[in-house]
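Structure first, commentary second.
Since every read-out is calculated from the coordinates, none of them should be taken as a lab result. Because the structure is a prediction, the values reported are computed rather than measured. Glycine also receives a Cβ, built like all others from the backbone with ideal geometry; neighbour counts cover every protein chain displayed.
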C-alpha cells in the first residue's frame with residue numbers, strides 16, 4: 001500500500017513540474033503540431049502569404065525558435081505582414097543572434113550601424129527586453145547544429161522542452177502588433 005502511495009505522490013509531483021502543464025501566458029500543444037506550424041510558416045512565407053507567415057512566425061518566435069525570430073525580424077524590416085519597424089527588426093535579430101548562428105550574427109552586424117544615434121538607446125532597451133522575454137534562458141529552448149542523414153550541410157535546429165510522457169510542449173502566447 002505504501003508503495004502505491006509513493007508512486008501516486010511521485011506521479012503527482014512530476015505532473016506538477018512537467019513542462020506540458022499550462023500556465024498563464026502559455027498554451028500546451030503537441031510537439032508534432034508545433035513542427036507542422038513551423039513548416040506552415042515557412043510555406044506561407046514562400047507563397048508570399050505574409051499575414052499568415054507573420055502570425056505563425058510570431059508564435060514560434062515567442063516560444064524561442066531562432067529561425068522564427070530571424071524570419072520575424074526580416075518581416076519587420078521589410079514590412080511583410082506588418083508595418084515596417086526597424087527597432088523591432090533589430091530586437092528580433094538580436095534574440096536570434098544569441099544562438100551564435102553565423103547568418104543571424106552577420107545580419108545583426110549589418111543592421112546595427114544603420115540605427116540612428118538618437119534611437120540607439122531605445123533600440124538596445126527593446127532588444128534587451130526581447131532577449132529577456134524570448135531568449136534561450138527565458139524559453140528553455142535548446143539549439144544545436146544538425147545535418148540531415150547523408151549530407152554534411154548542418155542547420156540550426158531549436159526545440160522546446162518536450163514532456164517525454166505526452167510529447168507535449170508549452171507554447172508562449174505573446175502579443176505582437178497586428179499584421180497589415
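Quick look at the numbers
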quantity	calculated
Per-selection metrics, region 26-172 (Cα): Rg and Dmax in Å	15.3, 51
Cut-off 19 Å, label 7 Å out along Cα→Cβ of residue 103, residues of region 61-89 by amide N	61-62, 64-80, 89
Gain on full stretching of the segment that runs from residue 43 to residue 138 - 0.36 nm per residue minus C-alpha separation	31.4 nm
Extension gain, residue 173 back to residue 51 (0.36 nm per residue minus Cα-Cα distance, nm)	42.2 nm
Sorted by Cβ neighbour density within 10 Å, fewest at the top, the residues 101, 118	118, 101
When region 52-135 is reduced to its Cα atoms, the Kirkwood hydrodynamic radius in Å	12.3 Å
